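Have a look at the structure below, then the notes.
Read-outs throughout are calculated quantities, based only on the coordinates presented, and are distinct from any laboratory measurement. This structure is a prediction, so every number in the text was calculated from the model and none was measured. Cβ coordinates were reconstructed from backbone atoms using ideal geometry, including for glycine residues, and neighbour counts include every protein chain displayed.
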Amino acid sequence: MSLRTATEPAAALEDVRTAAGAPHPVRTSDVLRAFRDRLPEGRVSLADLIDALGDRSLGTILLALALPTVAPVPLGVSCLFDLPILLFSLRMLTSASGPSLPPWLLRRSVSRNLARRMIDAALPRLAWIERMLAPRLPRVVTVERKRWFGALLFVLTVMCIVPLPLTGWLPGFALVLLSLGLIERDGGAIAVGFGLAVASVVFMALVISGLSYAGTELLGVTTTP
């Protein structure tokens, strides 16, 4: 993946490392907080966000794209981030080499104020999750190299996009947990993310079944002479 060099985010990350001290690991929420304080003027692109998070491969891209799922944003903005995950997961399914996004998607942007609000809303949730993360279960972390993992990401993203009541939050949270698990090399978090993914599918099936039943009953009432 080729991203442009972002001087401000890089400087922010260096400030975080200096403040935290060398032995202290830099957490993703620390980097995002520093980035939020030094947002580029004008508009903030996906490339800016991924640059700020640093070279963390698949987990970085997933987290950058999944942030709106844990931050209340307008539907159009959420789709701006969900659609790239669909394309990215399709690349994984077709065994495209390396995690990457096309340049035209990396240039997609939101206003500086909206980016700030989105990060402010996501930070407390990310910090809460990070307190429970630690490197463990390394075999589970290797899932990022499995083609079926791309299929799972595709299904979760489709569920985030489908405009049904209360169905987007659970798969969105699963995406964030999976991405943080990959970044922190925490197989336990990834396993919990798998559990949330299964729960998301079950919940979606129940909602669709309930709506279908209600629609059938309503149709039966309206057509009864």
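Show me the ranking of peptides 102-110, 118-126 by mean Cβ neighbours inside 10 Å, starting with the highest.
On the way: 102-110: 15.6, 118-126: 18.0.
Going by the mean number of other Cβ atoms within 10 Å, highest first, we get 118-126, 102-110.
For Val202 and Arg145 in the same chain, what is the full-extension length gain: residue separation times 0.36 nm, less their Cα-Cα distance, in nm?
Numbers: separation 57, 0.36 × 57 = 20.52 nm, distance 2.57 nm.
That pair, Val202 and Arg145, stretches by 17.9 nm at full extension.
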